[in-house]
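Shown next, in structure tokens, is the structure this report addresses.
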Amino acid sequence: MEGSRPCKICGSRTLESDYDTGSLVCSSCGVVQDFENYQAQLGGISGPTGTYIRVGTAGSGTNYSYKETKIYKAQKLIEDLLFRLEFSPAMSSEVKAMVERITEGEYGQGDWLPIFIGACAYVVMRKNNDTVPITQVAAVVGCNVHELGRMVGRVVEFLGLKLPEFDVVDAYKRAIKTCPSFIDVSRDKFKTMLRQGVFLVQCLVKWFVTTGRRPLPVVAAVMVFVAQLNGIDMRIGDLANELHVAVSTCRLRYKELLERLVEVAQALPWGKDITVKNVMKNAPFVIQYMEMKSMCKGAKERNSLEIVGVDMDVLVDDCLRRDDYTDGHSHYLEAEQSPGWSVEDLEKLKISHECLSAIYSKYVDEVSENQSIVESGVNSRRIRKGGDESHTSFEWWKGNSDMSKKLFLKQILDKDVGLDAMPPSFVNGRLACQKRRAKIEAAKLRIKTIMKPWDVVLSDGGGLSLSKCVNVGKKRRKMQVDMDWEDFVIETLLLHKVNEEEIEKGYYNTLLDLHVFDSWGM
């Protein structure tokens, strides 16, 4: 082929096309010519087909389309996540059906798909009353808890579901059974810890510690307390990592648990000496007292005479209180105040001698039991001072209370465990309102002092000074300011005639936008 291109090696124009490969080969030297084998693919009716890959296929050696490949990868991801969550075949089928229903069989791909599958899995678990925490699902999926929570909300809203409430008691049972830190605990001790934890969790429910809070930090706090109570070395940080919760929140819930137990312990003879630091040493007696109180019949369960409207137990208790039968009993049962009974009132009751004898016998048995508890408490106090014995050798836990079993919320609230506490958020809110009210009054007085000084009668300082001098050294004097940014904000709002009740709520940014910054633009 004289008219062809010259060979890159020998320069002769003897290039020929090979029949098998289609490449240009020099017939003189036999060298294959590189980069000379391009053949333009002109499109036909179906468009360009390409050299190696045809448009519309998933690659060389496969006939799967894009949609089939996408569905295959999504189903494989679903299988992997459900296997790591240890789902049963029935629950796995329910999750797959939910994913297919929401996506209308299209599934999908991208970073949102694992989060969506995890949300569907969590919704299915909650529908089946499984208390797997959302933090565990987020750890398996590998996403943020808030991101997964938003996706769960979207799934629930799309399907129009109403999930059952999260049961903190079941969450405690599941956590203590699956936590790696409690694998080596003996069977008998594990049963004791399980019942003790259920008792304390339901006490925290009664004390509103779980109200408006995340349940898992409460569970972690109870697990640590119960472990230490039974002589197991347990750290909050290690347990928090196993449950995938914040360590700081678990420590706050643990502190609140200790504070509630200290309040309950004030009813004991040595209760004034119990603090947050030493409440663990006294915990067996505090919990025993709580268990005994929870087993006492409430006022609603007592037998009373409906005609006269008098409680027989209260009446006999009032009569026996005048003697020496209640020594030691008053430390544990609160004495109910009842009016003095006249002879006519007693005659109206017409109580038989057998009834009085039965009530008296029951009362003496309770007093003797309480006195034995008082003696054991005093002896244990002496033991603690000597340091010879540990409270673990004393079989104090009986587990006879109904609070050791799972109860309904109404039943928990009706029980008496020695303390009726208000919700911590409510108490903190009221304290904050009182603090803001004091700041409002002080700000009003400062404003009045400046605007109308003749109407203000100043006492010794009167709390009106903005600052005072403090001696630091021989010649240096430091100025200590008594006001902070909140005081200046309150003063500004008062000068703009904002209602004091609105200021007391503490929404400073909103009030500043409405009354201060908005007035500047007018």
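The values are calculated or read from the model by the stated rules, or taken from the named source; none is laboratory data. This structure is a prediction, so every number in the text was calculated from the model and none was measured. Neighbour counts are summed over all protein chains in view; Cβ atoms, including those assigned to glycine, are modelled from backbone coordinates with ideal geometry. Please note that ligands, DNA and RNA were not included when accessible areas were found on the heavy atoms of the full protein model with its side chains. Shrake-Rupley method; radii C 1.70, N 1.55, O 1.52, S 1.80 Å.
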**OP:** Among the candidates Arg260, Arg213, Arg253, single out the residue that is part of a loop (DSSP other than H, G, I, E, B) and under 25 Å from Asp420 (Cβ atoms).
**Re:** Arg213
Subject >> Close pairs from the stretch 411-434: first under 19 Å from Gln266 (Cβ atoms), partner aromatic (Phe, Trp, Tyr) and open to solvent by 50 Å² or more (accessible area, probe 1.4 Å), Cβ under 9 Å, at least 6 apart >> reply: Ala421/Phe208; Met422/Phe208; Pro424/Phe208
Original post:
So which residues in the stretch 168-199 are in contact (Cβ under 8 Å) with a residue 60 or more places away in the chain and either open to solvent by 40 Å² or more (accessible area, probe 1.4 Å) or polar (S, T, N, Q) (or both)?
Top reply: Asp170, Pro180, Ser181, Thr192, Arg195, Gln196
Original post:
Could we say that Gly118 is open to solvent by 30 Å² or more (accessible area, probe 1.4 Å), over 17 Å from the mean Cα position of the chain (by Cα) and at pLDDT 90 or above here?
Top reply: no
Original post:
Do we have Asp111 as over 23 Å from Asn241 (Cα atoms) and open to solvent by 80 Å² or more (accessible area, probe 1.4 Å) here?
Top reply: yes
**OP:** With the condition kept exactly as written, say whether any residue in the stretch 236-257 is under 24 Å from Glu395 (Cα atoms) and open to solvent by 30 Å² or more (accessible area, probe 1.4 Å).
**Re:** no
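Of all residues being in a helix (DSSP H, G or I) and under 19 Å from Ala138 (Cβ atoms) in the stretch 76-90, which is most open to solvent (accessible area, probe 1.4 Å)? Just the residue, please.
Looking at residues that are in a helix (DSSP H, G or I) and under 19 Å from Ala138 (Cβ atoms), I get Phe83.
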Subject >> Extreme residue, nearest to Pro215 (Cα to Cα), among residues of the stretch 267-297 that are more than 28 Å from the chain's Cα centre (by Cα) and open to solvent by 30 Å² or more (accessible area, probe 1.4 Å) >> reply: Met295
Original post:
Got at least one residue in the stretch 266-278 being in a helix (DSSP H, G or I), within 19 Å of Trp397 (Cβ to Cβ) and either aliphatic (A, V, I, L, M) or modelled with pLDDT under 90 (or both)?
Top reply: no
Original post:
In the stretch 405-441, what count of residues is obtained for those that are more than 30 Å from Asp484 (Cα to Cα), outside any loop (DSSP other than H, G, I, E, B) and among the aliphatic types (A, V, I, L, M)?
Top reply: 3
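Which residue is farthest from Ala220 (Cα to Cα), if the candidates are limited to the stretch 116-174 and must be among the hydrophobic types (A, V, I, L, M, F, W, C) and not in a helix (DSSP H, G or I)? Give the steps one after another, and end with the answer.
We begin by selecting, within the stretch 116-174, every residue among the hydrophobic types (A, V, I, L, M, F, W, C); these are 116-117, 119-121, 123-125, 132, 134, 137-141, 143, 145, 148, 151-152, 155-156, 158-159, 161, 163, 166, 168-169, 171.
Adding the requirement that they be not in a helix (DSSP H, G or I) leaves 132, 143, 161, 163, 166.
Details: Val132: 14, Cys143: 22, Leu161: 30, Leu163: 24, Phe166: 16 Å.
Among residues in the stretch 116-174 that are among the hydrophobic types (A, V, I, L, M, F, W, C) and not in a helix (DSSP H, G or I), the one farthest from Ala220 (Cα to Cα) is Leu161.
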Original post:
Does the stretch 497-518 hold any residues that are more than 23 Å from Asn428 (Cα to Cα) and surrounded by 13 or more Cβ atoms within 10 Å (Cβ to Cβ), and which are they?
Top reply: Val498, Leu512, Leu514, His515, Val516
**OP:** Scan the stretch 93-121 and report the pairs whose first residue is at positive phi and whose second residue is buried (at least 17 other Cβ atoms within 10 Å of the Cβ), with Cβ atoms within less than 6 Å and a gap of 6+ or a chain change.
**Re:** Tyr107/Ile71; Tyr107/Ala74
Subject >> Unmet requirement for Gly473, which otherwise passes all of (1) surrounded by 10 or more Cβ atoms within 10 Å (Cβ to Cβ); (2) among the small types (Gly, Ala, Ser); (3) more than 21 Å from Gly506 (Cβ to Cβ); (4) modelled with pLDDT of 50 or more >> reply: (1)
